[in-house]
Each structure stands twice: as C-alpha cells, then as structure tokens.
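**Q** Quick one: structure below, then a few questions.
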Amino acid sequence: MIEGVLERITYANEENGYTVARVDTGRGGDLLTVVGSLLGAQPGESLRMEGRWGSHAQYGKQFTVENYTTVLPATIQGIRRYLGSGLIKGIGPVMADRITTHFGVDTLDVIESAPKRLIEVPGLGPKRTKMIAAAWEEQKAIKEVMIFLQGVGVSTSIAVRIYKKYGDSSIAVVKNEPYRLAADVWGIGFLTADKIAQSVGIPHDSPERVKAGLQYALSQSTDQGHCYLPEEQLISDAVKLLQVDTGLVIDCLAELADEEGVVREKVPSAEGGQGDPVTAVYLVPFHRAEVSLAAQTQRLLRTPEDRMPAFRDVAWDKALAWLAGRTGAELAPEQQAAVRLALTEKVAVLTGGPGCGKSFTVRSIVELARAKKAKVVLAAPTGRAAKRLAELTGAEASTVHRLLELKPGGDAAYDRDRPLDADLVVVDEASMLDLLLANKLVKAVAPGAHLLLVGDVDQLPSVGAGEVLRDLLADGGPVPSVRLTRIFRQAQQSGVVTNAHRINSGVHPITQGLPDFFLFAEDETEDAGRVTVDVAARRIPAKFGLDPRRDVQVLAPMHRGPAGAGALNGLLQQAVTPARPDLPEKRFGGRVFRVGDKVTQIRNNYEKGQNGVFNGTVGVVTSLSLDDQRLTVLTDEDEEVPYDFDELDELAHAYAVTIHRSQGSEYPAVVIPVTTGAWMMLQRNLLYTAVTRAKKLVVLVGSRKAIGQAVRTVSAGRRCTALDHRLAGRIVRSHPAEQTAP
C-alpha cells in the first residue's frame with residue numbers, strides 16, 4: 001500500500017477507466033508513476049492505494065493500482081490543487097487560488113457546511129456561490145456511485161451519466177435492474193450492463209439476461225442498417241453472444257414476443273421476394289415505423305384532395321416556355337418529365353447522379369409551384385444540405401428535424417393530427433432518410449399536398465436503419481419516379497463528375513491530366529495516412545488557397561487504422577489547431593478539445609439546442625471555459641450549442657470523418673485515403689459517395705490496387721427491410737388498426 005497526493009493525470013481512457021498518473025508520496029525526489037483504474041480520482045486528492053510494484057521498459061518503476069480510497073487534502077497547497085482541477089463547476093485555477101487564500105485550510109469545511117460564506121471571496125457573487133454549492137453536493141453523490149461502480153470497471157463518464165439518469169436511486173438500479181442501463185443510459189450497451197449484472201450476481205442463464213441479449217442483438221442489427229433480422233439469424237447471433245442453450249433463447253424470444261418487446265411477422269424473403277417467406281423479428285419502434293410509412297405513403301398517393309389543382313390541366317408547353325424565360329435555360333426531356341411528375345403526383349421521387357441536372361430541375365419545380373401561389377416547404381437531412389438547397393432555390397430551407405420541430409423523446413410537433421401547412425414539400429439528399437425519420441416526415445405531410453423526394457440512390461444508404469429511397473424506387477411499387485441520366489456538357493468538363501460516373505459504372509477513375517482530380521500513389525497504409533494529412537493541411541491550402549478547416553474535408557473509408565478517421569483526426573488537429581500556451585484546452589479520454597476545433601455530434605440529443613442536435617451535425621468550438629467546465633460549438637446551422645465537460649463523449653473531432661458520416665454534406669475539396677488496410681470496406685458505392693461530396697477538387701491518396709478493389713466491388717446484399725413489399729401490397733396485416741400505427 002502507498003499514500004500520496006495525485007499531482008496530474010497524464011492519460012485517462014474514459015471507456016474503461018484505465019489511468020496513468022503522477023503521484024507525490026511526500027518523500028522528496030521525483031513523482032511516482034501509478035497506473036490502473038483510478039476512476040473519478042482528481043488532481044489534488046490524497047489517495048491510499050493498494051496494488052503491486054512493477055517496471056515498464058520505457059517508463060521505469062511504477063505502481064499498478066488495484067484499489068484505492070480518497071482522503072480530502074489537508075494542506076492549503078493540496079486544497080488549491082484539488083479545487084483548481086475542474087472538479088467543481090464554477091471553480092477554475094484562478095478562483096481556487098482566491099478561495100484558498102481567503103479561507104486557508106478551512107476551505108473545504110466552508111464549502112461543505114457554510115457555502116454562503118463563499119460570497120466573501122472577491123469576484124464570487126450569489127449566483128456562482130449557489131452553483132458551487134450545488135456542484136459540490138452533486139460530485140459527492142457521484143463519487144459514491146463511482147466508488148460502487150469501480151469494482152465493475154465502469155468508466156467515469158458513464159458513472160456520471162448513471163447518476164444524472166437515476167440520481168439517488170443509481171446504486172439500487174445498478175444492483176437490482178442492471179439491464180435497464182442498456183436501454184436507459186446512452187453509452188451503456190448490453191456488454192457493459194452484462195458485466196455489471198454478473199458482478200451483482202445475476203445468473204448467466206437468467207431469462208432477464210437472455211431477453212436483454214436478444215434486444216441488444218436486434219439493436220446492433222439496426223445500427224448496421226437492418227430494420228429486422230430473420231428469426232433463425234437472430235437466434236444464432238444470440239446464442240453466440242450469450243453462450244447459452246438454443247432452446248433457452250427460443251423460449252425467451254417467444255416470451256419477448258408475447259410481452260410485445262419484439263414483433264414477429266412473415267415477410268417475403270430479402271432476395272427480391274423469391275423463395276420462401278421468412279419470419280422477421282423487429283424491435284417494436286422499427287416495425288411500427290415501417291408499417292406506418294407504407295400506410296401513410298399510400299394514403300397520400302390515394303387521397304382525392306389536391307392542394308395544387310392548377311397543375312391538373314395546365315398548358316405545359318406554355319408553362320415550360322415561361323420557365324425557360326425565367327431561368328435562362330431549357331429543360332431536357334427527362335427534366336421536363338420530372339417537373340410534370342412532381343407537380344401532378346402526390347408523392348414522387350427524383351434521382352440521378354452528379355451533373356445530370358437534379359438541382360436545376362428542383363429549382364424549376366419550385367419556380368413553377370410558386371408562380372401558381374403554392375406554399376412550398378424545403379428541407380434536407382443535414383444543415384449543410386439545407387443551406388445548399390436554400391441557395392439553389394432562393395427560398396428558406398431547414399433540416400428535417402427543425403422542420404418537424406422534434407422534441408425530447410423524439411416526438412414531432414407536426415404529425416398526422418397537426419400537418420405542415422405546405423402545398424409542396426421538397427426533401428433533398430433523400431438517400432440519407434432512415435426509416436424512423438422518413439416515417440415522421442411523411443406523417444406530417446397534409447392530405448392533398450405533394451411530396452417530392454430528391455436524392456442519388458447509388459450513394460450509400462442512410463446511417464440509420466432502412467433503405468427508404470431504394471425501397472420507394474423498387475419495381476412494382478406505387479411511387480412514380482424519374483431518373484436523370486444525361487450528363488450535361490458543362491458537367492462533362494469536370495473531372496470530379498466524370499470520375500464519379502466512371503466509378504458508378506465500374507470503371508477505374510482517370511487520375512492523370514485533370515485539373516481537379518489527383519492521385520498520390522502510396523502503397524503502405526502508414527505512408528498514405530501521413531500524405532493525407534500533408535495534402536489536406538498544407539498542399540491544398542498552398543496551391544488552391546482553400547481554408548484547411550472550412551473548405552477541405554478528409555473522408556476515410558473506416559474509423560480505425562493508420563489511415564482511418566480516428567488516427568487522422570489527431571494528426572490533422574496537430575497540423576491545423578496545434579496546442580498553444582495561451583489557448584485553454586480540455587483533455588477528455590484520448591481526445592483534446594481546443595477553441596477552433598472542427599467537431600461533430602455523434603448521437604441524437606433532443607435535449608440540446610433549440611430543437612435538438614443530431615448525429616452528424618458539424619461545428620467549430622468557439623469558446624472553452626475551464627472555470628465553467630463548458631465549451632460552446634457553433635454548428636453548421638449557425639446555432640451556438642453549449643456542452644458541459646461531462647458531455648464531451650457526444651463530440652468527436654471532424655477534421656477527418658468516415659465516408660458514411662459525410663452523407664448529405666458537400667465540400668469544396670475532399671481528400672480520400674484509399675488503402676488496402678480498409679480492404680473489407682472498399683465498395684463501389686462507398687468511393688462513389690466520397691467523390692460526389694466534392695464541389696471542386698478530389699485528391700485520392702493510396703494504392704491503385706485498393707482503388708481497383710473499391711471500383712469492382714458492388715455492395716454485397718440488401719439490408720433487411722420490408723418497406724418495398726408493404727408498399728406493393730405483398731404483406732397483408734392481420735390487424736388493420738395497425739396500418740396507421742405511430
């Protein structure tokens with residue numbers, strides 16, 4: 001056993017609590033290195049640590065901590081260090097110095113017993129005094145939860161979240177209902193909940209455990225884009241995950257279905273409806289959304305009402321001639337067909353690749369609708385796409401989330417009972433619409449209004465579950481559509497457009513002799529990562545005058561590896577927003593946040609901002625306060641959103657993002673590492689999506705072999721969805737009342 005004051009934390013992994021720290025044992029000489037799970041320990045605390053001595057090849061003698069207890073510091077210096085460490089919101093290093101100068105060794109007693117006396121300290125008003133007292137009480141309660149969770153290896157940030165969710169009931173929930181954590185607390189999956197359950201004595205073959213495991217396996221599949229899993233596959237996945245008998249899993253699945261925890265339903269097989277039907281198992285929200293989306297789409301298509309009746313018998317020759325006079329260009333025949341479709345059909349889809357005139361067609365549709373005094377509403381899934389749509393049409397556009405005014409819990413202010421006041425709703429980048437969002441959107445369209453979905457069906461499908469655009473375009477379905485295929489002459493001069501279409505048709509891109517499309521050949525993954533950073537942070541800004549933070553985006557096929565988004569973010573941050581002595585920063589887990597950092601939200605949070613902040617929202621850190629333990633992000637929707645330091649696991653750096661996360665966004669220049677290290681991810685629609693994110697410039701970095709693999713490989717298999725079958729009437733519900741389930 002050793003005792004000492006925790007001087008500084010040099011590394012902390014927020015996921016598992018593993019920490020490397022330096023401790024002053026009070027015996028003079030150098031600080032001692034300690035390693036292990038120092039969950040929740042703060043610089044300045046006196047620690048009593050149990051463990052074992054060891055030696056590290058690079059760092060020498062160190063102590064591995066197996067267990068520890070904290071003792072509040074007794075010296076003024078220790079108290080100052082303790083308070084200034086960021087432990088209490090409202091007290092940073094400067095304020096800690098002022099408080100300890102005023103109260104000396106009695107400081108902690110004053111905060112504990114007579115916090116109102118803090119107002120005696122210069123610069124501390126009643127508001128901040130109250131905040132400090134509340135933060136002190138909260139951290140004491142959190143500490144108790146942390147000490148309990150320490151034996152289970154739960155990270156600091158998760159312990160804080162458990163406390164915020166359950167308050168004083170935290171320990172009771174963890175002990176008695178650990179699987180609730182997986183459903184209730186973001187960041188705790190089944191595996192963490194299972195580890196906690198084992199440590200509090202819940203049996204391996206408990207039905208509660210098996211049911212939670214089945215729901216986890218289904219939620220994992222929705223993360224991969226599936227709306228359901230075939231029953232046989234789910235049972236096999238659950239047996240592998242849980243290591244229990246197949247019979248027990250089958251029994252528990254039947255119980256779950258009886259309890260309405262899941263829905264089982266016969267659907268046509270995924271292979272184009274050929275072969276025997278399969279028993280699909282859905283999580284309830286995804287089944288409801290799929291049934292509802294199909295029913296609401298058919299309702300819009302069949303309604304006799306029409307909020308744009310002027311287009312039923314319009315003289316199209318005259319209308320199109322008037323339009324050409326307004327826009328200065330004539331529409332190609334397929335564009336004319338799309339215009340007529342959108343203005344005469346209640347639901348329509350417009351698809352096509354880059355350079356085929358989708359944008360000009362949308363602008364034309366909006367111009368004609370407005371000319372007939374129609375009320376037009378424009379939206380897109382991301383802030384960037386909405387801005388682009390607004391610039392294109394000269395009208396206001398918003399994200400789908402803002403349009404529907406989604407509230408905490410995910411409910412929308414606009415729905416079937418309170419539809420949008422719009423005659424025409426146009427949604428761009430519709431390939432990004434997942435099942436749950438598409439259902440909310442379609443429910444909010446008033447009967448008789450027209451809905452136009454615009455997107456490129458050859459891009460990657462949505463990050464969330466479903467393949468809505470592809471299902472709406474399926475053969476035999478009721479939704480009319482137009483696919484634009486002709487590449488306009490102006491677009492043919494763009495290497496970006498030309499190569500996007502080459503890739504989409506399975507042909508290797510041209511990488512020489514073009515002014516806007518380049519390849520830096522690097523066969524080794526590590527070298528490709530290094531060159532990617534150099535190109536994005538230095539070469540493109542120097543040659544093209546583009547801002548490396550605002551105008552250049554690195555798009556990686558995967559997150560892991562030397563050329564993955566994770567590693568590249570660290571290197572790009574060093575190059576674009578390096579540490580400066582005068583710049584405050586906050587270390588959180590393996591990441592450091594600084595003012596000027598480009599960041600992205602990685603979960604839907606309906607509590608943040610005016611109408612929630614959603615997965616994929618990008619922004620820049622504009623302020624960071626160590627005293628208030630808060631940073632502010634200006635999002636690409638021009639909204640300032642504050643984040644407390646204990647919420648930073650919702651943010652990731654966005655100098656490099658995965659190609660999946662870039663959907664719906666457009667950048668002046670993109671840099672794409674394409675390496676054999678990402679072999680399993682290299683598919684045609686992935687590379688096509690990445691290239692089509694660029695407005696002016698694409699730079700590929702990597703090997704020709706990897707590019708060839710991506711161009712050749714057509715995405716294997718469809719996602720498990722039955723929306724196309726429901727739209728085509730191939731699934732007949734036994735309970736008609738469920739047709740309009742929410």
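**Q** As a test, work out the antiparallel percent of DSSP beta bridges whose residues both lie in the chain, rounded to the nearest 5.
**A** About 60 percent, rounded to the nearest 5.
**Q** Given (i) 32.5, 135; (ii) 28.7, 94; (iii) 33.3, 103 as candidate values of Rg and Dmax of the Cα atoms in Å, which corresponds to the one derived from the coordinates?
**A** So the calculated entry is the one marked (ii).
**Q** Leaving ligands and nucleic acids out of the surface, order 95, 680 by accessible area at 1.4 Å, largest first.
**A** Descending accessible area places them as 680, 95.
**Q** Same structure again: So for region 550-667, averaging the separation of alpha carbon pairs under 8 Å that are six or more residues apart and normalising by length, what relative contact order in percent results? Mind showing how you got there, number by number?
**A** On the way: 206 pairs, mean separation 35.1, N = 118.
For region 550-667, the relative contact order is 30 percent.
**Q** Between residue 148 and residue 602, what FRET efficiency comes out of the Förster formula 1/(1 + (r/R0)^6) with R0 = 35 Å and r the beta carbon distance, rounded to 0.05?
**A** 0.80
**Q** Do you know the relative contact order of the chain, to the nearest whole percent, from alpha carbon pairs under 8 angstrom that are 6+ apart?
**A** 12 percent
**Q** Would you list which lysines come within 26 Å of residue 440, measuring only between C-alpha atoms, while excluding same-chain residues fewer than 8 positions from it?
**A** 266, 346, 358, 375, 387, 407, 608
**Q** Another question, if that's okay. Suppose accessible area is computed on protein heavy atoms with a 1.4 Å probe; arrange 424, 283 from highest to lowest.
**A** I get 283, 424, largest accessible area first.
**Q** Heads up, I need the accessible area for residue 623: 1.4 angstrom probe, whole protein in place, Å², nearest 10.
**A** Estimated to the nearest 10 Å², residue 623 gives 50 Å².
**Q** Once the piece of chain linking residue 101 and residue 183 is laid out straight, how much longer is it, given 0.36 nm per residue of separation minus the C-alpha distance between them?
**A** 24.8 nm
**Q** Between residue 66 and residue 134, what's the calculated FRET efficiency when r is the beta-carbon distance and R0 is 25 Å? Round to 0.05.
**A** After rounding, the FRET efficiency stands at 0.15.
**Q** Further question on the same structure: What figure, in Å² to the nearest 10, do you get for the accessible area of residue 712 with a 1.4 Å probe and non-protein molecules left out?
**A** Result for residue 712: roughly 150 Å² accessible.
**Q** Starting from the Cα gyration tensor of region 358-459, take the square roots of the eigenvalues, sort them a ≥ b ≥ c, and report rounded, prolate or oblate (rounded when a/c is under 1.5, otherwise prolate if a/b is larger than b/c, else oblate).
**A** Verdict is oblate for region 358-459.
**Q** Determine the sum of side-chain charges near residue 31: Lys and Arg each +1, Asp and Glu each -1, restricted to other residues whose C-beta is under 9 angstrom from that of residue 31.
**A** That sum, taken over residues with Cβ under 9 Å, equals -1.
**Q** Please work out whether region 324-373 counts as rounded, prolate or oblate from its C-alpha gyration tensor, where a ≥ b ≥ c are the square roots of the eigenvalues and a/c under 1.5 means rounded, while otherwise a/b larger than b/c means prolate and anything else oblate?
**A** Taking the square roots of the gyration eigenvalues as a ≥ b ≥ c, region 324-373 is oblate.
**Q** Another question about this same structure. Looking at this model, which pairs from 373/696; 165/195; 140/175; 318/695 are more than 27 angstrom apart at the alpha-carbon?
**A** Listed pairs above 27 Å: 373/696; 318/695.
**Q** With a ≥ b ≥ c taken as the square roots of the eigenvalues of the C-alpha gyration tensor of region 465-583, please select rounded if a/c is under 1.5 and otherwise prolate if a/b is larger than b/c or oblate if it is not?
**A** The shape class here is prolate.
**Q** Continuing with this model, one more query. Below 10 angstrom from the Cβ of residue 451, what's the summed charge of the other residues (Lys, Arg +1; Asp, Glu -1)?
**A** 0
**Q** Roughly what would the spin-label model give for residue 574 and residue 250, points 7 Å off Cα along C-beta, in nm?
**A** Each label point is offset 7 Å from its Cα along the Cβ direction, giving 5.6 nm.
**Q** Same structure again: Report, to the nearest whole %, how much of the accessible area of the chain belongs to carbon and sulfur atoms, 1.4 Å probe, protein only. Write out the running numbers ahead of the final one.
**A** On the way: 15900 of 32550 Å².
The computed percentage sits at 49.
**Q** Can you give me the long-range amide H partners of residue 90? Hydrogens built in the peptide plane at 1.01 Å from N, cutoff under 5 Å, separation of 5 or more residues or another chain.
**A** 628, 629
**Q** So, one more: Show me the three semi-axes of the equivalent ellipsoid for region 419-521, from the C-alpha gyration tensor (sqrt of 5 times each eigenvalue), largest first, rounded to whole Å.
**A** Over the Cα atoms of region 419-521, the ellipsoid semi-axes are 34, 15, 13 Å.
**Q** Ignoring everything but the protein chains, give the 1.4 Å probe accessible area of residue 316 in square angstrom, nearest 10.
**A** Here the residue's solvent-accessible area equals roughly 30 Å².
**Q** What is the helix-to-structure angle for 284-302, meaning the angle in degrees between its Cα long axis and the longest Cα principal axis of the chain, kept from 0 to 90 and rounded to the nearest 10?
**A** Around 30 degrees separate the two axes.
**Q** Further, regarding this structure: Once the dipole of the chain is set up with Lys and Arg at +1 and Asp and Glu at -1 on Cβ about the Cα centre, which of 293, 73, 635 lies farthest towards its positive end?
**A** Comparing the listed Cα positions along the dipole, 635 ranks first.
**Q** Under a Cβ-Cβ cut-off of 15 Å, what is the net charge of the residues other than residue 437 that fall near it, where Lys and Arg count +1 and Asp and Glu count -1?
**A** Numbers: positive: 288, 402, 407, 440, 443, 603; negative: 290, 405, 411, 415, 428, 429, 434, 467, 471.
Residues near residue 437 contribute -3 overall.
**Q** Another question, if that's okay. Quick one: if the Förster radius is 41 Å, what FRET efficiency do residue 176 and residue 718 give, using the C-beta to C-beta distance and rounding to 0.05?
**A** Rounded to the nearest 0.05, the efficiency is 0.45.
**Q** Loop-only check: which trypsin sites (Lys or Arg not before Pro) in region 486-552 are DSSP coil with at most 16 other Cβ within 10 angstrom?
**A** Of the trypsin sites (Lys or Arg not before Pro), the ones in loops of region 486-552 whose Cβ has at most 16 other Cβ atoms within 10 Å are 486, 550.
**Q** For the chain, with every protein chain kept in place, what is the accessible area per residue (1.4 Å probe, Å²)?
**A** Solvent-accessible surface per residue comes out at 44 Å².
**Q** Relative to the longest principal axis of the chain, what angle (0 to 90°, nearest 10) does the C-alpha long axis of helix 495-504 take?
**A** With both axes taken from Cα atoms, the answer is about 80 degrees.
**Q** Same structure, new question: Please give me, ordered by residue number, the GluC sites (Glu not before Pro) of region 252-348 that lie in loop per DSSP and have at most 14 other Cβ atoms within 10 Å.
**A** 259, 260, 271, 305, 330
**Q** Same structure, new question: Work out, step by step, the length gained on full extension between residue 583 and residue 375: first 0.36 nm times the residue separation, then minus their alpha carbon distance; give nm to one decimal.
**A** Result: 70.0 nm gained on full extension.
**Q** To the nearest 500 deg cm²/dmol, what mean residue ellipticity at 222 nm is calculated for the chain from DSSP H runs of n ≥ 4 alone, each contributing -39,500 (n - 2.57), summed and divided by the residues?
**A** -11000 deg cm²/dmol
**Q** What percent does the relative contact order of region 597-742 come to when contacts are Cα pairs within less than 8 Å and at least six residues apart?
**A** Working: 204 pairs, mean separation 23.5, N = 146.
16 percent.
The values are calculated or read from the model by the stated rules, or taken from the named source; none is laboratory data. Worth saying up front: this structure is predicted, and the values here are computed from it rather than measured. Virtual Cβ from ideal backbone geometry, glycine too; neighbours counted across all protein chains shown. These accessible areas exclude ligands, DNA and RNA; they are computed on the full protein's heavy atoms, side chains included. Shrake-Rupley method; radii C 1.70, N 1.55, O 1.52, S 1.80 Å.
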